[in-house]
Amino acid sequence: MPSRIYKKYFSLLAFTAPALIIYTIFLLIPTFGGMYYTFTDWNGLNQDYSFVGIANIVEALTEDPDFINALLFTLKYVVFMVILQNVIALLLAVLIETRTRSKGFFRTIFFMPNMISLIISSFMWTFVFSQVIPQLVEKAAFTFLDHAWLGDPKYSFYSILIVSLWNGVGYMMIIYLAALQGVPQSLKEAAIIDGASSFQTLKSVTLPMITHAVTICFFLTLNGAFKVFDVVYGLTGGGPGRSTQVITMNIYEEAFSNNFRYGYASAKSLILFAIVLIVTLIQMNVMKKKEVEA
């Protein structure tokens, strides 16, 4: 019997070992290495470096206005993305679910942008904002679109939101659609018989039944929004000036672009990790309570 058990565990280990090795090399080692270099002044190139304790963290939080501004802009982006992406995705899912025909067509159409990488989407939309929209304003008199979408700090934020939502809403919509298909039709029919409107049915029957999907979508949207990089890099490069620089771009610039302060950039990454961890734990606890209440 013991030999059979050992053979079973050895087989499981043999199957999982390749994935575990890759996970360790490309995620665990860099993660703990970054935490280690947080407390050094390493520039990423030289072999010599000194331990500086928490000086990098203190400097980032108290003496680096660019980092603070990037953090505030990222938080603003996160709030808008979490709310808008989930609301739009849920509304699309509800509308598509109510259709008796062409569900597959609309699922495909709205999901297709998600199949394009964000950096490619950014280049596509850069052309739209800089070439297509000015032509529409000039020839079709769409004067309400006459803005510097990528050159004005106010409208460049909206352009980033538009591209991010265009690319990401479809994925969340699919998750909501899968959850909606699990809601018993008899409950909806009972609510309608009792005189509930469509909105009341959605609020009191459908939403409580798909709270688990809301939790998943909020988690994915929250983490993705905090780690946003490619769409900002492709559309504005953090500009004009540094008005649209997100925290990941600030870290990238610190480590690889201008300053080559790898240890300092690692400290900023650790701060971002701590923020995401705290916010995610709060979000998961709140949403789990909502699931229990539902």
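Values computed for the structure shown
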quantity	calculated
Boolean, S102 is open to solvent by less than 60 Å² (accessible area, probe 1.4 Å), closer than 22 Å to G168 by Cα and in contact with a helix residue (DSSP H, G or I) (Cβ under 8 Å, 6 or more places away or on another chain)	no
Per-region count, segment 25-67, residues assigned to a loop (DSSP other than H, G, I, E, B), closer than 16 Å to L272 by Cα and open to solvent by 50 Å² or more (accessible area, probe 1.4 Å)	2
Listing of helices (runs of 4 or more DSSP H) fully contained in segment 218-294 that carry 1 or more residues being surrounded by fewer than 17 Cβ atoms within 10 Å (Cβ to Cβ) and among the hydrophobic types (A, V, I, L, M, F, W, C)	262-293
Residue in segment 68-84 that is surrounded by the most Cβ atoms within 10 Å (Cβ to Cβ), counting only those that are free of Cβ contacts under 8 Å to residues at least 40 places away in the same chain and β-branched (V, I, T)	I68
Condition check for K203: closer than 25 Å to S121 by Cα, in a helix (DSSP H, G or I), of a type outside the set (F, W, Y) and modelled with pLDDT under 90	no
Pairs with Cβ under 8 Å, 6+ apart, first in segment 115-133 and within 23 Å of M172 (Cα to Cα), second assigned to a loop (DSSP other than H, G, I, E, B) and open to solvent by less than 60 Å² (accessible area, probe 1.4 Å)	M124/I116
Boolean, A14 is assigned to a helix (DSSP H, G or I) and surrounded by 15 or more Cβ atoms within 10 Å (Cβ to Cβ)	no
Hey, V183 out of contact with any Gly (no Cβ under 6 Å at 6 or more places or on another chain), assigned to a loop (DSSP other than H, G, I, E, B) and buried (at least 19 other Cβ atoms within 10 Å of the Cβ) or not	no
Of all residues making up segment 85-99, the number that are within 17 Å of the chain's Cα centre (by Cα) and open to solvent by 60 Å² or more (accessible area, probe 1.4 Å)	2
Residue, farthest from G239 (Cα to Cα), within segment 136-170, restricted to residues that are at pLDDT below 85, open to solvent by 80 Å² or more (accessible area, probe 1.4 Å) and in a helix (DSSP H, G or I)	K139
Selection status of A70, small (G, A, S), out of contact with any Pro (no Cβ under 6 Å at 6 or more places or on another chain), at pLDDT 85 or above and within 30 Å of K188 (Cβ to Cβ)	no
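The values are calculated or read from the model by the stated rules, or taken from the named source; none is laboratory data. On a predicted model such as this, the values are computed, not experimentally measured, just so you know. Glycine also receives a Cβ, built like all others from the backbone with ideal geometry; neighbour counts cover every protein chain displayed. Surface areas here come from the heavy atoms of the whole protein model, side chains and all, with no ligands, DNA or RNA. Shrake-Rupley method; radii C 1.70, N 1.55, O 1.52, S 1.80 Å.
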